[in-house]
Amino acid sequence: MGNILGLSGIKSLSFYTGDNFSKNKNIVDMMLLAFDNGAYGDVLYLYELTAYNGYTTSISLQRDSDYSVDVASYIANSKGLLSWDLLSGTSTNGLLRQYYTDMSKLNHTTTTRRLMKRQGVTCSNSHTITQNQSMSLYQYLSFYGLNNAATSPRSICYRNACVSWSASANFTWNKAAGTEKTVFTVCTAAQFSGEYRGVALGNKTVDFCVSNRANGCT
């Protein structure tokens with residue numbers, strides 16, 4: 001499964017959670033146990049659940065959910081090693097197993113992402129958060145003000161919202177808050193995700209993402 005994960009473009013997870021550490025730790029423990037037992041359909045679901053900071057809102061077992069889009073992308077990038085049938089055959093959960101089976105019959109492909117670009121920010125309808133969730137994250141980041149964010153991990157999540165950036169950099173939490181504000185000021189839809197490419201973050205120029213998961217916008 002390790003080779004499948006690598007070829008499928010599944011990223012390792014490392015992020016700060018402002019509110020859900022205990023739940024995420026339990027999920028990771030369950031994921032490691034599932035991996036040892038070869039329950040790869042469960043592993044992928046639990047991995048994704050962790051990426052969404054332990055919140056199930058975007059992990060619904062529906063055809064057009066963020067989870068379906070993510071899994072379809074992993075399958076497309078796996079060079080034939082990963083499939084809906086493999087996930088169904090290795091899941092120990094009845095509902096999850098049926099979901100994978102149904103998706104296999106649909107021959108699911110990734111949903112088209114609607115993009116809007118403005119002022120260096122690309123807004124999307126994929127991996128979205130609400131304006132209220134974005135504001136809560138902004139207030140959380142602003143609370144830490146002039147404190148320096150650690151160079152690793154490169155993601156911070158609070159409730160259903162996350163910010164992440166593409167390279168290690170030295171910057172304050174205020175700078176992260178201000179950059180997030182730029183994104184949600186441009187992305188005015190009720191639900192959105194946004195990526196600010198080429199933004200100066202401390203001592204580096206990075207791509208900065210605001211979305212509902214820890215491992216980036218795409």
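The values are calculated or read from the model by the stated rules, or taken from the named source; none is laboratory data. Being a predicted model, the structure only gives us computed values, none of them experimental. Quick reminder, even Gly has a Cβ in these numbers, built from the backbone with ideal geometry, and neighbours come from all protein chains shown.
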**Prompt:** Pick from Val199, Val206: which is in a strand (DSSP E or B), touching a helix residue (DSSP H, G or I) at 6+ places or on another chain (Cβ under 7 Å) and of a type in the set (A, V, I, L, M)?
**Reply:** Val199
**Request:** Within the stretch 167-207, track down each residue that is touching an Asp or Glu at 6+ places or on another chain (Cβ under 7 Å) and under 19 Å from Asn53 (Cβ atoms).
**Result:** Glu195
**Those residues of the stretch 155-198 which are surrounded by fewer than 22 Cβ atoms within 10 Å (Cβ to Cβ) and of a type in the set (D, E, K, R), in sequence order** = Arg159, Lys175, Lys181, Arg197
**Asked** Among the residues of the stretch 159-196, which ones are in a strand (DSSP E or B) and either at pLDDT below 85 or over 18 Å from His127 (Cβ atoms) (or both)?
**Response** Phe171, Thr172
**Asked** Within the stretch 32-45, restricting attention to residues that are surrounded by fewer than 21 Cβ atoms within 10 Å (Cβ to Cβ) and in a helix (DSSP H, G or I), which residue is farthest from the chain's Cα centre (by Cα)?
**Response** Asp36
**Message:** Against the conditions (1) closer than 27 Å to Lys23 by Cα; (2) touching a Cys at 6+ places or on another chain (Cβ under 6 Å), where does Cys187 fall short? Just the number, please.
**Reply:** (1)
**Within the stretch 57-94, tally of residues that are under 14 Å from the mean Cα position of the chain (by Cα) and part of a helix (DSSP H, G or I)** = 11
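Of all residues being in contact (Cβ under 8 Å) with a residue 60 or more places away in the chain and out of contact with any helix residue (DSSP H, G or I) (no Cβ under 7 Å at 6 or more places or on another chain) in the stretch 13-31, which is surrounded by the most Cβ atoms within 10 Å (Cβ to Cβ)? Just the residue, please.
This residue is Phe15.
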**Asked** Taking Ser134, is it under 18 Å from the mean Cα position of the chain (by Cα) and at pLDDT below 85?
**Response** no
**Prompt:** Restricting attention to the stretch 208-218, which residues are farther than 15 Å from Pro153 by Cβ and modelled with pLDDT of 90 or more?
**Reply:** Val210, Ser211, Asn212
